[in-house]
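Comments concern the structure below.
The values are calculated or read from the model by the stated rules, or taken from the named source; none is laboratory data. Computed from a predicted structure; not experimentally measured. Methodologically, a virtual Cβ is constructed for each residue, glycine included, from the backbone with ideal geometry; neighbour enumeration extends over all protein chains shown.
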Amino acid sequence: MALDWDDSYSGDLSFFRSGRTDDPESVDLAILGIPYDLGTTGRPGARFGPRAIREQSVHVGEFEWGLWPWNFDVRDAHKVRDFGDVQGFTAYPDRLTPVVHEKAKSILASGANLLCLGGDHFVSYPLLKAHAEIHGPLALVHFDAHSDTWVDGDLNHGTMFYHGIREGWIDCSRSIHVGLRTPNPETHGIEIIDANACLEMSAQAVAARIKDRVGTAKAYLTFDIDFLDPAFAPATGTPVIGGPSVAYARHVLEGLAGLDFVGGDQVEVAPHYEGPSQITALAGATIAADILYLLSLARSQRQDKI
């Protein structure tokens, strides 16, 4: 793929230098930002996440032969385009779900797969709804320090998967939480690999356990940046000490190639909580690109079966 510019500090901003569009026609992999943080129960600021992730993604997508350690350029394998940010709800939480749901649904209806950039983790709620309406109940592959399945009637970034389970969008028998390190009184039947287990297991072993759990089910991958230890990702709303490194996380993600991922998101980057190094946004951009590669591989796998 010929890049539109050579410098990291110039040119139009799009995720992974994929180019911008408003037209889903013939797009294979779509990127959508959701700048929202009114679902947070801790520190706000994730509304600035999509912009920060895109800024750092120009470094991640610098080379036209792709991203290490993947052995191809996702932009050659599929038509990838950035659809910008969903707008019209910033100060109105009640508008978020219908606005994001309809936007995601319109992109998915074109046949594209969707990678979303948060925003706080509540944005996964309308995204799961849109995906489940097309694919049925999904296996949830969830990287996070928190389960986000708290039993509560309120809708926020700690309850949305509980509501997704109740509404039938999540297949708990195929779902898994990875990296948890907070109290979790109710599993809802979802398997858990907590942070201590991650420290004791190799990345390959964690990936193998996830693949065994998900099997052939259609899956949605959601990655909260607070899965990572705050040493690697300090700029997030609810940091929790004791998590894995970025290298470990990426190695696990690499090992998930072959699963039938139909959508995914990377959430909870709140860039105002770190200095000029922007290491959290860089980690978020890199991990989001890894998810994009997994969506690309799954899409190719489905096309090969036709």
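In summary, residue 126 fulfils each of the numbered conditions (1) touching a residue at least 60 places away in the same chain (Cβ under 8 Å); (2) assigned to a helix (DSSP H, G or I); (3) under 16 Å from the mean Cα position of the chain (by Cα) with the single exception of condition (1).
Restricting the first residue to the stretch 165-186 and requiring it to be at positive phi, which pairs with a second residue that is among the aliphatic types (A, V, I, L, M) meet a Cβ separation below 8 Å and a spacing of at least six or different chains? Pairs that qualify, where the first residue is at positive phi and the partner is among the aliphatic types (A, V, I, L, M), are 168/132; 179/145; 179/193; 179/195. Put simply, of 146, 163 the only residue that is assigned to a loop (DSSP other than H, G, I, E, B), closer than 19 Å to residue 37 by Cα and either of a type outside the set (Asp, Glu) or out of contact with any Lys or Arg (no Cβ under 7 Å at 6 or more places or on another chain) (or both) is 146. Looking at the stretch 265-273, is at least one residue of a type outside the set (Phe, Trp, Tyr), under 18 Å from residue 55 (Cα atoms), over 15 Å from the mean Cα position of the chain (by Cα) and crowded, with 18+ Cβ neighbours inside 10 Å? Yes, because at least one residue in the stretch 265-273 is of a type outside the set (Phe, Trp, Tyr), under 18 Å from residue 55 (Cα atoms), over 15 Å from the mean Cα position of the chain (by Cα) and crowded, with 18+ Cβ neighbours inside 10 Å.
Taking the criterion of being surrounded by fewer than 21 Cβ atoms within 10 Å (Cβ to Cβ) and of a type in the set (A, V, I, L, M, F, W, C), the only residue of the stretch 128-149 that qualifies is 134.
Restricting to the stretch 79-106, count the residues that are assigned to a strand (DSSP E or B) and surrounded by fewer than 13 Cβ atoms within 10 Å (Cβ to Cβ). Spell out the reasoning first.
Here is the first cut: in the stretch 79-106, the residues assigned to a strand (DSSP E or B) are 80-85.
In the following step, the residues that additionally are surrounded by fewer than 13 Cβ atoms within 10 Å (Cβ to Cβ) were identified as none.
Of the residues in that region, 0 qualify.
Annotation note: Cβ proximity below 8 Å between a residue of the stretch 192-218 that is in a loop (DSSP other than H, G, I, E, B) and a residue that is surrounded by fewer than 19 Cβ atoms within 10 Å (Cβ to Cβ) and among the small types (Gly, Ala, Ser) (sequence gap 6+ or interchain) occurs for no pair. Collect the residues in the stretch 269-306 that are in a loop (DSSP other than H, G, I, E, B) and of a type in the set (S, T, N, Q), keeping them in residue-number order. 277, 278, listed by residue number. For the stretch 219-249, filtered to residues that are among the β-branched types (Val, Ile, Thr) and not in a strand (DSSP E or B), the residue that is surrounded by the most Cβ atoms within 10 Å (Cβ to Cβ) is 225.
Applying a threshold of 6 Å to beta carbon distances and a minimum spacing of six or more residues, or different chains, the list of pairs starting in the stretch 87-108 at a residue that is aliphatic (A, V, I, L, M) and ending at one that is modelled with pLDDT under 95 reads 96/89; 99/88; 99/89; 107/24. Of all residues in the stretch 173-191, those satisfying the criterion of being under 19 Å from the mean Cα position of the chain (by Cα) and either part of a helix (DSSP H, G or I) or polar (S, T, N, Q) (or both) are 174, 175. Within the stretch 61-78, restricting attention to residues that are under 19 Å from the mean Cα position of the chain (by Cα) and not in a loop (DSSP other than H, G, I, E, B), the residue that is nearest to residue 24 (Cα to Cα) is 75. Residue count for the stretch 35-60 satisfying the condition of being closer than 15 Å to residue 225 by Cβ, β-branched (Val, Ile, Thr) and not in a helix (DSSP H, G or I): 1. In this structure, does residue 260 turn out to be over 20 Å from residue 157 (Cβ atoms), surrounded by fewer than 24 Cβ atoms within 10 Å (Cβ to Cβ), more than 14 Å from the chain's Cα centre (by Cα) and modelled with pLDDT of 95 or more? Yes; evaluated as a whole, the condition is true for this residue. Considering the stretch 107-123, and only residues there that are in a helix (DSSP H, G or I) and touching a helix residue (DSSP H, G or I) at 6+ places or on another chain (Cβ under 8 Å), the residue that is surrounded by the fewest Cβ atoms within 10 Å (Cβ to Cβ) turns out to be 108. Of all the listed residues (193, 165, 170), the sole one being under 20 Å from residue 254 (Cα atoms) and buried (at least 17 other Cβ atoms within 10 Å of the Cβ) is 193.
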